[in-house]
Structures are given as structure tokens and as C-alpha cells.
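Notes follow the structure.
The values are calculated or read from the model by the stated rules, or taken from the named source; none is laboratory data. Everything numeric here is computed off the predicted structure, so don't read it as measured data. Here the Cβ positions follow ideal geometry from the backbone for every residue, glycine too, while neighbour counts run over all protein chains shown. Accessible surface is based on the protein model in full, side chains and every heavy atom, while ligands, DNA and RNA are left aside. Shrake-Rupley method; radii C 1.70, N 1.55, O 1.52, S 1.80 Å.
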Amino acid sequence: MSASSYDVLIIGAGPAGIQAAIHACRRKAGVLLVGRPENSALYKAHVENYAFVPGVTGGEELLRTGLNQVRGFGAEITDEDVLKVAHEDGLFQVELESGRTALTRSLIFCMGVAKTKLGVPGEEEFLGRGVSYCADCDANFYRGKVVAVTGDRSAAVDGALTLLGYAAKVYLVARELHVSAELLARLKASPVEHIPASIEEISGEEGVDTLFLNNGETLRVDGLFIELGSKGAMELATQIGVQLDAEWFKYIAVNRKQETTLPGVYAAGDITGPPFQIAKAVGEGCIAGLEAAAHVRRLQPAGEESGPDHIQEGR
Ligand SMILES: Cc1cc2nc3c(=O)[nH]c(=O)nc-3n(C[C@H](O)[C@H](O)[C@H](O)COP(=O)(O)OP(=O)(O)OC[C@H]3O[C@@H](n4cnc5c(N)ncnc54)[C@H](O)[C@@H]3O)c2cc1C
């Protein structure tokens, strides 16, 4: 199968990838956006903390709107996964699930992070209906309600303390806690109730209402926050030698231009580390899109233009 060529290839069809595609197109780059929107962290979210979008808006709707904008700006979109990336002499070869190979002068990694799953019955079923992986995002939906957080590290304790500002009652379900003495002291001084157990099943009807614990007890809750830390989607990046961050070793290291350690390769969104928020993802996506297009332009002989002809130069 023959390979198609692009100026900028973006891996990931979430907020970071969508915004990167829009800004790269505005700079007249020929763009391919690869990824499944239904696998974006945003897909099942209910968003109310993103500026200019009042009220509570479904993530699926936001993604659909963004992808329509991307199409309108002239990018090609393919709803599939990237299997492999290789590079030689500044040209990247991207192998797609369909068997097609795409060639590009510039790559933007926007693959998000895969949240570590609890792996119990009810977790998938109640995602967005009582199960959440982000206390900062969803705490406000649990005002005056009873919630539990599960996880044995600082992300869980921090999530539980955050939720205290919203919920009427907060449980922290963890067999043991592996956190600093300072954080443990803050937890003990707070009204969070630590239950030394693990969750075996999440159950409910319309939404979560009961957690079944390994000690035989049940916990009545309106929501469960799973805070087990996050696992970066790093395989593709490390395949071509892009370096990870020095602090956690699970996010892609970038500078203020969203450049990775490999020339022509950029990263944006959750994949570069917290905070895991749409506003941060689109901000970084904007910079990455502009910088990737500028990189390609620097490589082109004077007078040679590419990309969708009908797009005027954006500011
Ligand atoms: C339940 C929930 C509620 C949330 N609520 C809010 C909120 O209210 N406000 C807020 O600001 N944020 C919220 N967030 C966080 C927000 O959704 C993320 O910060 C945001 O989606 C990150 O965008 P991203 O583009 O970096 O990654 P993602 O949106 O996760 O997109 C990653 C993309 O990469 C693709 N991908 C991964 N691997 C490959 C591959 N090998 N090949 C091709 N494509 C690949 C995926 O399919 C997906 O399309 C919430 C998250 C969750 C889970």
C-alpha cells in the first residue's frame, strides 16, 4: 500500500489533538488527525468548568463540535489507532491500524493518559454516572452528597481532602496508605473517614449507590472517585527516543514551545502531565499546532507551499 504524506500528523483525537489540528491548518499545513474520539478522556465527561461554555455540557458533544471545526479547516481525520512510529532523516513513518503508512515531517503526540483502572464489576458501567477518575473535575457534582475515594497514594488522599469542600461525607477506602507523614497528618486531622478495606464491586441502578467491600461490609455512597494515579500512553513516544519527564518518568518532557527532545516532535495535553484539564490541553494543543507548522515551513524550500489552498493565513 502506498504512503500518503503530510506536513503535520497528530496522534490523538481529544481536546489537545483537535486544537493542534485547527492551529496547524490555520498555518496552511497539510494535517492528518488520527485517533478515536470515543477513547478520549472527555467522551463521557460532563463539563462545567471550561470558559465560554456555560452550564453543563457533555464531552461527546464538545468533541463532535471540535472535530467538525477541524474538518472545516481542511484537515483529514482518521478514526483509528497508530500502531508504530519510526523516523529517519527527519521524516516520520506512522503505521496505522488499517495497514496504511503515513509520512510526515512533524508529529504531535496528544494520546492523553490511560487512567489506572480498579478492575472491579460496575466500574465501566457507572463511569460518568457516579464513577469518576478526577476529583478536581467532578467534585462540584457531589455537593452535599456522600462520596468515597479509593487509592493508597497521595493522589487519593489529596482527592479526598479536595472533596471535603463539596461533599457532606467523604470516605477513603484503602487497605494501607503510602503517603508522606505530613499528608497523613492532614488526613487524620480532617473529617475524612479512612476505611482499611478494598472495593470488590460497585453497584447501583441509575447511578452508583453501594460499594461492596472485601471485609463483607457495604458502603452507601452517591459517587466513587478512583484515584490510583495515571499510566502514560508512552510506548509510541519512547519507540523513537522521545524523553520522559525527569520527575515522574511517565509523561512526555516538553518545553514552553511544546517541543519534545526530538526535533519535529511535539506533545500536548494530558500526556505532558497534570493538571488534567481541557483548558490546559487546548492551550498546549494551540502552541504545538503552531510550532509544528512553523517547523515544517522552515524545512521547505522558499516559495513551496502545502496544505489546504482555501485557508487564509491565520494570526
Ligand atoms: C470522567 C471525566 C470527567 C472529566 N471532566 C472534566 C471537566 O469537567 N473539565 C475539564 O477541564 N476536564 C475534565 N476531564 C479531563 C479532560 O477530559 C482531559 O484533561 C482531556 O480530555 C485531555 O485531553 P487530551 O487531548 O490530552 O487527551 P484525551 O482527551 O484523553 O484524548 C486522547 C486521544 O488519544 C487517542 N489515542 C491514544 N492512543 C492512541 C494511539 N496509539 N493511536 C491513535 N490515537 C490514540 C485516544 O483515542 C484519544 O482520542 C475529565 C476526564 C474524565 C475522565
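Report for the range 52-186 the percent antiparallel among DSSP-assigned beta bridges with both residues inside it, nearest 5.
On the way: 10 of 16 bridges.
Bridges in the range 52-186 that DSSP calls antiparallel: roughly 60 percent.
Mind listing the phi-derived Karplus ³J(HN,Hα) values for the range 98-115, rounded to whole Hz, using 6.51, -1.76 and 1.60 with θ = phi - 60°, and x for any glycine or proline?
Taking θ as phi minus 60°, the curve returns 6, x, 6, 10, 10, 10, 8, 8, 8, 10, 10, 8, 9, 7, x, 10, 8, 5 Hz for the range 98-115.
Could you tell me which Cys residues in the chain have no other cysteine's Cβ under 4.7 Å from their own Cβ, answering none if every one has a partner?
25, 110, 286
Considering only protein heavy atoms and a 1.4 Å probe, what is the carbon-and-sulfur percentage of the accessible area of the range 1-111?
Values: 2400 of 5010 Å².
Taking all protein chains in place, the range 1-111 shows 48 percent carbon and sulfur surface.
Just to be sure I understand: if I project the alpha-carbon convex hull of the range 161-223 onto a plane and average over all orientations, what area do I get in nm²?
Details: hull surface 18.9 nm².
Result: 4.7 nm².
With every protein chain left in place, what is the accessible area per residue of the chain in square angstrom, probe 1.4 Å? Walk me through the numbers before you get to the answer.
Values: 15320 Å² over 315 residues.
In whole numbers, the chain has 49 Å² accessible per residue.
When the Karplus curve 6.51 cos²θ - 1.76 cosθ + 1.60 is applied with θ = phi - 60°, which whole-Hz ³J(HN,Hα) does each residue of the range 153-168 get, with x for Gly and Pro?
10, 4, 4, 6, 5, 4, x, 5, 5, 4, 5, 4, x, 10, 7, 6
Only bridges with both residues in the chain count here: give the DSSP antiparallel percent, nearest 5.
On the way: 25 of 57 bridges.
That works out to approximately 45 percent antiparallel.
Starting from the amide H of residue 260, placed 1.01 Å from N in the peptide plane, find each other amide H under 5 Å away whose residue is 5 or more places distant or on another chain.
265, 266, 267
Using only protein heavy atoms and a 1.4 Å probe, report how much of residue 224 is accessible, in Å² to the nearest 10.
Counting only protein heavy atoms, the figure is 0 Å².
Within the range 163-282, what whole-number % of the accessible surface is contributed by carbon and sulfur, with the 1.4 Å probe and all protein chains included in the calculation?
Working: 2970 of 6110 Å².
Exposed carbon and sulfur together represent 49 percent of the surface.
Please express the Cα-Cα pair-distance distribution P(r) of the range 1-144 as a list of whole percents, one per 5 Å bin, running from 0 to the bin with the greatest distance.
Spelled out bin by bin, the range 1-144 gives 2, 9, 17, 19, 17, 13, 9, 8, 4, 1, 0, 0 percent.
For the range 259-272, in order, what is each residue's ³J(HN,Hα) by Karplus, 6.51 cos²θ - 1.76 cosθ + 1.60 with θ = phi - 60°, in whole Hz (x at glycine and Pro)?
Listing the rounded values in order: 6, 8, 6, 10, x, x, 10, 10, 9, 8, x, 4, 5, 9 Hz.
Taking the radius of gyration and the Kirkwood hydrodynamic radius from Cα positions alone, what is the Rg/Rh ratio for the range 1-44, to two decimal places? Mind showing how you got there, number by number?
Working: Rg = 11.6 Å, Rh = 11.1 Å.
With Rg and the Kirkwood Rh in hand, the quotient comes to 1.04.
What whole-number volume per residue, in cubic angstrom, does the convex hull of the C-alpha atoms of the range 95-184 give? Show your work: numbers first, answer last.
Numbers: hull volume 15.9 nm³, N = 90.
That works out to 176 Å³ per residue.
Ordering 245, 209 by accessible area with a probe of 1.4 Å, largest first, what comes out? Please list the in-between numbers first.
Values: 245 20, 209 50 Å².
The most accessible residue leads, giving 209, 245.
Using amide H atoms built in the peptide plane, which far-off residues or other-chain residues are under 5 Å from residue 47 H to H?
Amide H neighbours of residue 47, under 5 Å, 5+ apart: 57, 58, 59.
Please calculate the 1.4 Å probe accessible area of residue 222, with all protein chains present, and give it to the nearest 10 Å².
70 Å²
For the chain, take N as its residue count and report Rg(C-alpha) divided by 2.2 N^0.38 Å. Please report the intermediate quantities before stating the final value.
Numbers: Rg = 21.5 Å, N = 315, 2.2 N^0.38 = 19.6 Å.
My calculation over the Cα atoms of the chain gives 1.10.
Please list the non-local residues whose amide H lies under 5 Å from the amide H of residue 244, H modeled 1.01 Å from N, same-chain partners needing a gap of 5 or more.
Close amide H contacts, sequence-distant or interchain: 253.
Based on alpha-carbon centroids, what's the gap between the range 95-115 and the range 255-279 in Å, whole number please?
15 Å
Per residue, how big is the convex hull around the C-alpha atoms of the range 1-78? Give it to me in cubic angstrom, could you? List each step's numbers first, then the result.
Numbers: hull volume 6.9 nm³, N = 78.
Measuring per residue, one finds 89 Å³ for the Cα hull of the range 1-78.
Distances over 19 Å make up what percent of all Cα-Cα pairs in the range 127-255? Mind showing how you got there, number by number?
On the way: 4330 of 8256 pairs.
Everything past 19 Å amounts to 52 percent.
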